[in-house]
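Participant: Can you keep this structure in mind? I'll have questions shortly.
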Amino acid sequence: MGLISAGTTIFDAGSVNAGGAMTFIKKITASSSSTISFVHGSSSVVFDGTYKEYLFTFNNLHPAANACDFMFQVSTNGGSSYGVSMTSCYTQLYHREDGNSGQVAHRTGALNALGNSTGFQSMSTADGIGDDNDQCGSGHMRFFNPASTTFVKNWMIDFTHYTNDNASMRNLVAGYVNTTSAVNAIRFKMNNGSSDQNTDSGDICLYGIS
Amino acid sequence: MAVVSNGTTIIDAGSLGASIASGPMNLLSSQTASGSANISFTSGITSAYKEYLFSFHNIHPATDGAKFGFQFNASGESGFNETLTSMYWRTYNNEAANSAGTGYVTSEDQAQGTAFTILDGGVGADADQCTAGHVKLFDPSNTSHVKHFIFRGTHYDVNNFVADVFVGGYVNTTAAITEMQFKFSSGNIDAGTIKMYGIK
């Protein structure tokens, strides 16, 4: 039984609308996963006009191979195909465990700064995530109004990872999906520069922001 | 119908009572532009929260290349012209991927200035162009310290590139900040939404 007050559902089906603006939608835990996909309408995923802003959180993503880029693409047809044109820019801050190489870098190239490209967008570019047992990557991605059929779709990423050459890297990436079609699916994967690799462990959570 | 327990309103008019614990991030106000000269938040910035988040998306200018920005009013003041010191840093890349860069932009910072804080290099007015981002304002009701703010946003620039913009600064007053306004450097805000959240 639900309780509805003035048209607003206060609680229903075992969950309470406690007034917070951030709603948990879905958690996917990697287990030697080739890709991790969030498709609207599938497996309880909501990724449409229900919310005007979505937050993905990346927790302890650990690749199966050394020096991996963690990357994403989006879909406008429910995941039937991926690779919608995006334009992006990439800033990276890093510092090695030996105390050297602390600096800010501007990353360009096919995976990093897309120019209306349908390729994957990296968020952990060279050097990539290491595959030592304790190495991983974590961060956030904000995706604005994916269901808009008027505007491009803006997104922003803040991701940090433990690199294969033992540095801390912080990756600040932003861009837009250059389409006025609604975006309704997104997929993530690892790639070590020569081939796709599994995500051995870690999780990605999706939240809607009211 | 309201639900009242021991004199405390638990539920009424579609929302939880004010004294009922809710999530740490609460939507306080949402405004959508439609040919609007500005979007102003003139109530709700109080001591109830130590941090306020302003999230905007699909902000579309009427004027090609207009720059989106914000300013504040301290309690009892008007004109949205508080004294600010701020920095501005951005990274960009164009759609041809042949013009990219990163760096500090001195023309967009302020040193004890009273102008609007600029949040982009000029948003395009093509039908699909817009800007989105977050402004965080910390402890606006503090009467001992200055009021810090930080911003990160991304926009589809008038010159057909994407930019990732970072702004930080402080309102150099010990008076409480109670009002905030967003507008373009010229022309109306044709479309877009700004939401104000309180963060516990």
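The values are calculated or read from the model by the stated rules, or taken from the named source; none is laboratory data. What you see is a predicted model; the values in this text were computed from it and never measured. Heads up, the Cβs are rebuilt from the backbone with ideal geometry, glycines too, and the neighbour counts pull from every protein chain shown.
Participant: Considering the stretch B:95-107 alone, what residues qualify as being part of a strand (DSSP E or B) and either surrounded by fewer than 19 Cβ atoms within 10 Å (Cβ to Cβ) or more than 7 Å from every other protein chain (Cβ to nearest Cβ) (or both)?
Facilitator: Within the stretch B:95-107, the subset part of a strand (DSSP E or B) is B:100-104.
Of everything in the stretch B:95-107, those that are part of a strand (DSSP E or B) and either surrounded by fewer than 19 Cβ atoms within 10 Å (Cβ to Cβ) or more than 7 Å from every other protein chain (Cβ to nearest Cβ) (or both) turn out to be B:G101, B:G103, B:Y104.
Participant: A:L172: in contact with a Gly (Cβ under 7 Å, 6 or more places away or on another chain), over 19 Å from A:H62 (Cα atoms) and not charged (D, E, K, R), yes or no?
Facilitator: In short, no.
Participant: Being out of contact with any His (no Cβ under 8 Å at 6 or more places or on another chain) and farther than 24 Å from B:L28 by Cβ is the filter here; which residues of the stretch B:173-190 pass it? Outline the logic, then answer.
Facilitator: To start, the set of residues in the stretch B:173-190 that are out of contact with any His (no Cβ under 8 Å at 6 or more places or on another chain) comprises B:173, B:175-188.
Within the stretch B:173-190, B:S185, B:S186, B:G187, B:N188 meet the criteria.
Participant: Tell me whether the stretch A:190-203 contains one or more residues that are of a type outside the set (V, I, T), within 14 Å of chain B (Cβ to nearest Cβ) and touching a residue at least 24 places away in the same chain (Cβ under 8 Å).
Facilitator: Checked the stretch A:190-203: no residue is of a type outside the set (V, I, T), within 14 Å of chain B (Cβ to nearest Cβ) and touching a residue at least 24 places away in the same chain (Cβ under 8 Å).
Participant: Hey, can you tell me all the residues within the stretch A:142-152 that are surrounded by fewer than 20 Cβ atoms within 10 Å (Cβ to Cβ) and more than 18 Å from the chain's Cα centre (by Cα)?
Facilitator: Step one: filter the stretch A:142-152 for residues surrounded by fewer than 20 Cβ atoms within 10 Å (Cβ to Cβ), giving A:147, A:149-150.
Answer for the stretch A:142-152, where residues must be surrounded by fewer than 20 Cβ atoms within 10 Å (Cβ to Cβ) and more than 18 Å from the chain's Cα centre (by Cα): A:T149, A:T150.
Participant: Of these, A:G139, A:G78, A:G102, A:G109, which one is within 14 Å of chain B (Cβ to nearest Cβ), surrounded by fewer than 17 Cβ atoms within 10 Å (Cβ to Cβ) and either within 23 Å of A:G193 (Cβ to Cβ) or more than 16 Å from the chain's Cα centre (by Cα) (or both)? Walk me through it before giving the result.
Facilitator: Working: A:G139 fails: surrounded by fewer than 17 Cβ atoms within 10 Å (Cβ to Cβ); A:G78 fails: within 14 Å of chain B (Cβ to nearest Cβ); A:G102 fails: within 14 Å of chain B (Cβ to nearest Cβ).
Sole residue among the options that is within 14 Å of chain B (Cβ to nearest Cβ), surrounded by fewer than 17 Cβ atoms within 10 Å (Cβ to Cβ) and either within 23 Å of A:G193 (Cβ to Cβ) or more than 16 Å from the chain's Cα centre (by Cα) (or both): A:G109.
Participant: Residues of the stretch B:45-79 being away from every other protein chain (no Cβ under 14 Å), of a type outside the set (K, R) and either closer than 10 Å to B:G198 by Cα or not in a strand (DSSP E or B) (or both), which ones?
Facilitator: Matches in the stretch B:45-79: B:I45, B:T46, B:S47, B:A62, B:T63, B:D64, B:G65, B:S75, B:G76, B:E77, B:S78, B:G79.
Participant: Only one of A:F72, A:F56 is away from every other protein chain (no Cβ under 14 Å), at pLDDT 95 or above, in a strand (DSSP E or B) and in contact with a Leu (Cβ under 6 Å, 6 or more places away or on another chain). Can you tell me which?
Facilitator: Within the list A:F72, A:F56, the selection yields A:F56.
Participant: Pairs please, first residue from the stretch A:90-118 and closer than 21 Å to A:N191 by Cα, second anywhere and among the acidic types (D, E) and assigned to a strand (DSSP E or B), Cβ atoms under 8 Å, 6+ apart in sequence or on different chains.
Facilitator: Note: pairs meeting the criteria are A:T91/B:D164; A:L111/A:D69.
Participant: Go through the stretch A:176-194 residue by residue and tally those that are of a type in the set (S, T, N, Q) and either surrounded by 22 or more Cβ atoms within 10 Å (Cβ to Cβ) or within 17 Å of the chain's Cα centre (by Cα) (or both).
Facilitator: Our first condition is that a residue be of a type in the set (S, T, N, Q); within the stretch A:176-194, this holds for A:178-181, A:184, A:191-192, A:194.
From the residues that got through so far, the ones that are either surrounded by 22 or more Cβ atoms within 10 Å (Cβ to Cβ) or within 17 Å of the chain's Cα centre (by Cα) (or both) too are A:184, A:191.
Counting residues in the stretch A:176-194 that are of a type in the set (S, T, N, Q) and either surrounded by 22 or more Cβ atoms within 10 Å (Cβ to Cβ) or within 17 Å of the chain's Cα centre (by Cα) (or both) gives 2.
Participant: Further question: Out of B:Q129, B:Q110, report the one residue that is more than 14 Å from chain A (Cβ to nearest Cβ) and at negative phi. First the steps, then the outcome.
Facilitator: Details: B:Q129 fails: more than 14 Å from chain A (Cβ to nearest Cβ).
Just a single option satisfies the conditions, and that option is B:Q110.
Participant: Looking at (1) under 23 Å from B:T32 (Cβ atoms); (2) assigned to a strand (DSSP E or B); (3) more than 14 Å from chain A (Cβ to nearest Cβ); (4) not acidic (D, E), which one does B:Y170 not meet, given that it meets all the others?
Facilitator: (1)
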